[in-house]
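Q: First, the structure itself, so that you have it in front of you.
The values are calculated or read from the model by the stated rules, or taken from the named source; none is laboratory data. Keep in mind the model is a prediction, meaning the values are calculated, not measured. As a convention, Cβ positions derive from the backbone with ideal geometry for all residues, glycine included, and neighbour counts pool all protein chains shown.
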Amino acid sequence: MEEARGSLEVLNKVFDNMFLKSSIFRNRDALRHDYIPNHLPHRENEIKYVGEVVAPLLLHNKASNLFIYGKPGTGKTAVIRFVFNALSKKANELRANIKCVLVNSRLEGSEYRILASISRQIGLSIPFTGLATAEVFRRIVNHIKANNLYLLVALDEIDVIVKKEGENLLYELSRINENFSSHRVSFIGISNEITFKQILDPRILSTLSEEELVFKPYSSDELFDILMERAREAFHNGVCDPSVIRYIAALSASEHGDARRALDLLRVSAETAERGGKREITVECVQEALRKIERDQVNEVIRTLPIQSKVLLISILKNLRNPSAQHTSGEIYTEYRSLVTNLGLESLTDRRLSSLLNELESAGIISSKIVNMGRYGRTKKYSLSVPQAHIVEALKEGDLLNGLLE
């Protein structure tokens, strides 16, 4: 009882500290991904281009459809949010009946939920489930007609939904203006994959990809400018020396050039300093934040793996702990089959296991290299790409597999 009271006191102290004025943060929201600053450094040309594409809508004229490509964290979504925000304000000033809608295809996860999100954002109530997608489309069209709307739709991470459910949604969007006497709906597709258009039906591509824009990854200097601008809004004066921000920018540029991940690293570094009672963010805070982010990322990836992939990963761990093992796929498969037999699970084929190994490698959990085994030919040897302790920690969250880790 005494211990429980002590734990509660510790927790209440944590909560009470949140009401104290932070010595680090002035505006935490400035480091969020969906925060729209007054200025987006090094994306002025892209903002101008997108603005020129959508500007005809202000006169209720046709705007070209646009596809935007670029790796994650290159500012694609930020630019669209920025332009949509400015366009909506200008439309209100001019009393132009324009609705700007942004939907993340990956987060919504299905065609129906994407259409339901579009509906909600234009003021149309659609049940969470239960209608045919064709009926939802019909209701959207009728709502646009009844309210004399001009609609601008941006689908973020559009490649995810096309790979998952096919091209039907894009096909319907490419034909939606056939329902009106004038061009009422314009479309912006945002993809993390430059090769995405190669998998699309040419008829859909010709309609929806009238114009294209490619976003290049940020350099170290560009990331530095972005982080400095956000830091001025997020932190009190003197909290973060420019040399620390330069360090974060250099790390991020060398690894991925992803502004969102660079902002995450800056935010977690600041939270690390705050929790440690420090008055400034140091390089040591950044290094600790890096370790935490890596642990969290590994944990999330492993936590959401299917059971068979988790068993295969444990097989790799066990094989790597064996000093006499060669760490080949054959040895890993043998270990795997022993484990699934003990668990009462169905054993997968070598071909399927090879596919799961490739998925683990793509996720950055393991790595492989081809080695020459002499008269036994060439084979793949596997190793871990992240610390073993991080993997064990993540796997231990599942009670079913806990005993296999001993």
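Q: Exactly one condition in (1) in contact with a His (Cβ under 8 Å, 6 or more places away or on another chain); (2) polar (S, T, N, Q); (3) not assigned by TED's automatic domain parsing to the domain that holds S367 is not met by T282; state its number.
A: With (1) in contact with a His (Cβ under 8 Å, 6 or more places away or on another chain); (2) polar (S, T, N, Q); (3) not assigned by TED's automatic domain parsing to the domain that holds S367 applied to T282, the lone miss is (1).
Quick grid of which residues meet (1) over 21 Å from S385 (Cα atoms); (2) touching a residue at least 40 places away in the same chain (Cβ under 8 Å); (3) not in a helix (DSSP H, G or I):
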{"residue": "G257", "(1), (2), (3)": "no, yes, yes"}
{"residue": "L265", "(1), (2), (3)": "no, no, no"}
{"residue": "V268", "(1), (2), (3)": "yes, no, no"}
{"residue": "E284", "(1), (2), (3)": "yes, no, no"}
{"residue": "E288", "(1), (2), (3)": "no, no, no"}
{"residue": "R291", "(1), (2), (3)": "no, no, no"}
{"residue": "R295", "(1), (2), (3)": "no, yes, no"}
{"residue": "N299", "(1), (2), (3)": "no, yes, no"}
{"residue": "I302", "(1), (2), (3)": "no, yes, no"}
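Q: On to the next question. Which members of region 117-174 meet the condition of being aromatic (F, W, Y) and either in contact with a strand residue (DSSP E or B) (Cβ under 8 Å, 6 or more places away or on another chain) or at pLDDT 95 or above (or both)?
A: Y150 - this is the single residue of region 117-174 that is aromatic (F, W, Y) and either in contact with a strand residue (DSSP E or B) (Cβ under 8 Å, 6 or more places away or on another chain) or at pLDDT 95 or above (or both).
Q: In addition: From the list E46, E52, pick out the single residue that is part of a helix (DSSP H, G or I) and out of contact with any strand residue (DSSP E or B) (no Cβ under 8 Å at 6 or more places or on another chain).
A: E52
Q: Considering every residue within region 65-79, establish whether at least one is over 26 Å from T195 (Cβ atoms) and outside the structural domain of D264 (by TED's automatic domain parsing).
A: No: region 65-79 contains no residue that is over 26 Å from T195 (Cβ atoms) and outside the structural domain of D264 (by TED's automatic domain parsing).
Q: Tell me which residues, restricted to region 251-272, are aliphatic (A, V, I, L, M) and closer than 26 Å to N38 by Cβ.
A: A253, A259, A262, L263, L265, L266, V268, A270
Q: While we're here: For the list (1) surrounded by fewer than 18 Cβ atoms within 10 Å (Cβ to Cβ); (2) touching a residue at least 40 places away in the same chain (Cβ under 8 Å); (3) under 30 Å from A63 (Cβ atoms); (4) among the small types (G, A, S), I need the number of the one condition that S186 fails.
A: It is condition (1) that S186 fails.
Q: Can you tell me which residue among S254, S315, S324, S329 is at pLDDT below 90, in contact with a helix residue (DSSP H, G or I) (Cβ under 8 Å, 6 or more places away or on another chain) and more than 28 Å from P72 (Cβ to Cβ)?
A: S329
Q: Can you tell which of I161, I140 is closer than 28 Å to L58 by Cα and either of a type in the set (A, V, I, L, M) or in a loop (DSSP other than H, G, I, E, B) (or both)?
A: I140
Q: Follow-up question, since we're still on this one. Does R246 satisfy the condition of being surrounded by 16 or more Cβ atoms within 10 Å (Cβ to Cβ), of a type in the set (D, E, K, R) and part of a helix (DSSP H, G or I)?
A: Yes: the conditions hold for R246.
Q: Does I332 satisfy the criteria of being touching a strand residue (DSSP E or B) at 6+ places or on another chain (Cβ under 9 Å) and either among the basic types (K, R) or under 22 Å from R303 (Cβ atoms) (or both)?
A: Yes: the conditions hold for I332.
Q: At least 1 residues that are in contact with a Cys (Cβ under 7 Å, 6 or more places away or on another chain) and free of Cβ contacts under 8 Å to residues at least 24 places away in the same chain in each: list the helices (runs of 4 or more DSSP H) lying fully within region 64-123 that qualify.
A: Hits in region 64-123: 76-94.
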